[in-house]
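S.K.: Structure in structure tokens, see below.
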Amino acid sequence: MRIAIVSDVHANLAALEAVLRHAEAAGPIDGVWCLGDTVGYGPQPSQCVARLREAHVLAVAGNHDRAATGMMGTEEFNADAATAALWTRGHLEDAAAYLDALPEVTQDPQREFTLVHGTLRWPLWEYLYSYEAARAHLDRQETLFSLVGHTHVPTLVAGGAEFEHGCEMYYLEDGQSVPLPDDRKIVLNPGGVGQPRDGDPRAAYAIYDTEARTVTVHRVEYDIGATQALMEAAGLPRRLIDRLAVGR
Ligand code: ZN
């Protein structure tokens, strides 16, 4: 089986469609797992939720999903993110109830992977950037593998006593395959579909091949200008529009 792993779609339907097309071009997709922030920032929140639900997605909630429905306030957001969250709130249509029902943490049916947006210490908010955060996350990880989003940067964290910090972190390039180990915990971040932040504006996602036992990161070009035009028409903040072109 091949599972598409997506995160941080951020209401960018052009990017989501491009990623799903790319995944299906190499063979049938048997499932989609989503690590949160399906909405927020971008111009097509209800359409992105509908597209993922159509694919019977297994998903968790992100901070932007919670803020968009009003389940959580926007006090922790910067001004642009708060503006976008309030705009999103008015454009969710029937996606709100679905987003509110998403869990903060879930596991895949085989109980091999734990899915969470931030970290297992602070599921909605914590960025897995530091060794300290990675260790705190790994300590709470009950499955061998976990999948996180939130940073919008494709990353591998490998746990192991032989590492100086109890774990090591690696950036994952386009096309890089991670073989799933059977003797150590790992954390994978597929990068962001709808708002990459590693300086590469192409949409990022990963494919889990259950037979090969690998997770492979891919970068996919999409029509950035189309999403930007929709954001402009919606009156979304300039900085959010501009950042898509530079991947920051
Ligand atoms: Zn995000």
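None of the figures in this text is laboratory data; all of them are computed from the coordinates on show. These figures come from a predicted structure and were not determined experimentally. With ideal geometry, Cβ positions are generated from the backbone for all residues, glycine too; neighbour counts draw on all protein chains shown.
S.K.: To make sure I understand, if each residue's beta carbon is the centre and we count other beta carbons within 10 Å, what order do His22, His10, His56 fall in, fewest to most?
M.R.: Details: His22 18, His10 29, His56 9.
Ordered by Cβ neighbours within 10 Å, fewest first: His56, His22, His10.
S.K.: Taking 7 Å along the Cα-to-C-beta vector as the label spot, tell me the Ala234-Ala25 distance in nanometres, rounded to one decimal.
M.R.: 2.6
S.K.: Over all directions, the average projected area of the alpha-carbon convex hull for the range 18-146 comes to how many nm²? Write out the running numbers ahead of the final one.
M.R.: Details: hull surface 35.1 nm².
Taking a quarter of the hull surface, the average projection is 8.8 nm².
S.K.: For the chain, with a Gaussian network of springs between Cα atoms less than 10 Å apart, report the residue from Ala212, Ala234, Ala67 with the top mean-square fluctuation.
M.R.: Highest fluctuation of the listed residues: Ala212.
S.K.: Put +1 on the Cβ of every Lys and Arg and -1 on every Asp and Glu Cβ in the chain; which of Val49, Asn63, Ala234 then has its Cα farthest towards the positive end of the dipole?
M.R.: Value: Ala234.
S.K.: Continuing with this model, one more query. May I ask for the net charge around Met1, where only other residues with Cβ less than 13 Å from the Cβ of Met1 are counted and Lys, Arg are +1 while Asp, Glu are -1?
M.R.: -3
S.K.: Another one. Amide H of Cys167 versus every other amide H placed in the peptide plane: which residues, excluding those fewer than 5 positions away on the same chain, fall under 5 Å?
M.R.: Gly160
S.K.: With unit charges on the beta carbon (Lys/Arg positive, Asp/Glu negative), name the residue among Leu115, Ser146, Gly166 whose Cα is farthest towards the positive pole of the charge dipole of the range 95-203.
M.R.: Leu115
S.K.: Highest GNM mean-square fluctuation, the chain, Cα pairs closer than 10 Å: which of Asn78, Asn12, Asn189?
M.R.: Sorting by GNM fluctuation, first place goes to Asn78.
S.K.: Which of Arg140, Arg202, Arg219 ends up with the largest GNM mean-square fluctuation for the chain, with Cα atoms connected below 10 Å?
M.R.: Maximum among the listed residues: Arg140.
S.K.: So, one more: Helix 45-54 versus the longest principal axis of the chain: what angle, 0 to 90°, nearest 10, using Cα atoms?
M.R.: On a 0 to 90 degree scale, this one is about 50.
S.K.: Using the crude model of +1 on Lys and Arg Cβ and -1 on Asp and Glu Cβ, and no other charge, please compute the dipole size for the range 2-243 relative to its Cα centre, in debye to 20.
M.R.: With only Lys, Arg, Asp and Glu charged at Cβ, the dipole is about 280 debye.
S.K.: If you don't mind, there's one more thing I want to ask. How far is helix 79-89 tilted, in degrees, relative to the longest principal axis of the Cα atoms in the chain, given as a value from 0 to 90 rounded to the nearest 10?
M.R.: 80
S.K.: Restricting attention to the alpha-carbon atoms of the chain, what are Rg (one decimal) and Dmax (integer), both in Å?
M.R.: Both quantities, over Cα of the chain: 16.8, 53 Å.
S.K.: Taking the simple approach of a point 7 Å from Cα along Cα-to-Cβ for both Asp223 and Ala97, what is their distance in nm?
M.R.: Simple spin-label model gives 3.3 nm for this pair.
S.K.: Still on this structure: May I ask for the angle, rounded to the nearest 10°, between helix 224-234 and the longest principal axis of the chain, with both axes built from Cα atoms and the value confined to 0 to 90°?
M.R.: 50
S.K.: A further question on this structure: Quick one: if you stick a label point 7 Å off each Cα along the C-beta vector at Ala50 and Asp80, how many nm between them?
M.R.: Each label point lies 7 Å from its Cα, and together they span 2.8 nm.
S.K.: While we're looking at this one, here's another question. Arrange Ser146, Ser177, Ser7, Ser46 by Cβ neighbour counts within 10 Å, fewest through most, would you?
M.R.: Numbers: Ser146 27, Ser177 13, Ser7 32, Ser46 18.
Taking fewest neighbouring Cβ atoms as first place, the list is Ser177, Ser46, Ser146, Ser7.
S.K.: Mind sorting Tyr222, Tyr98 by how few other Cβ atoms lie within 10 Å of their own Cβ, fewest first?
M.R.: So the residues, fewest neighbours to most, are Tyr98, Tyr222.
S.K.: Moving to a separate point now. Tally Lys/Arg at +1 and Asp/Glu at -1 over every other residue whose Cβ is under 12 Å from the Cβ of Ala134; what's the total?
M.R.: 0
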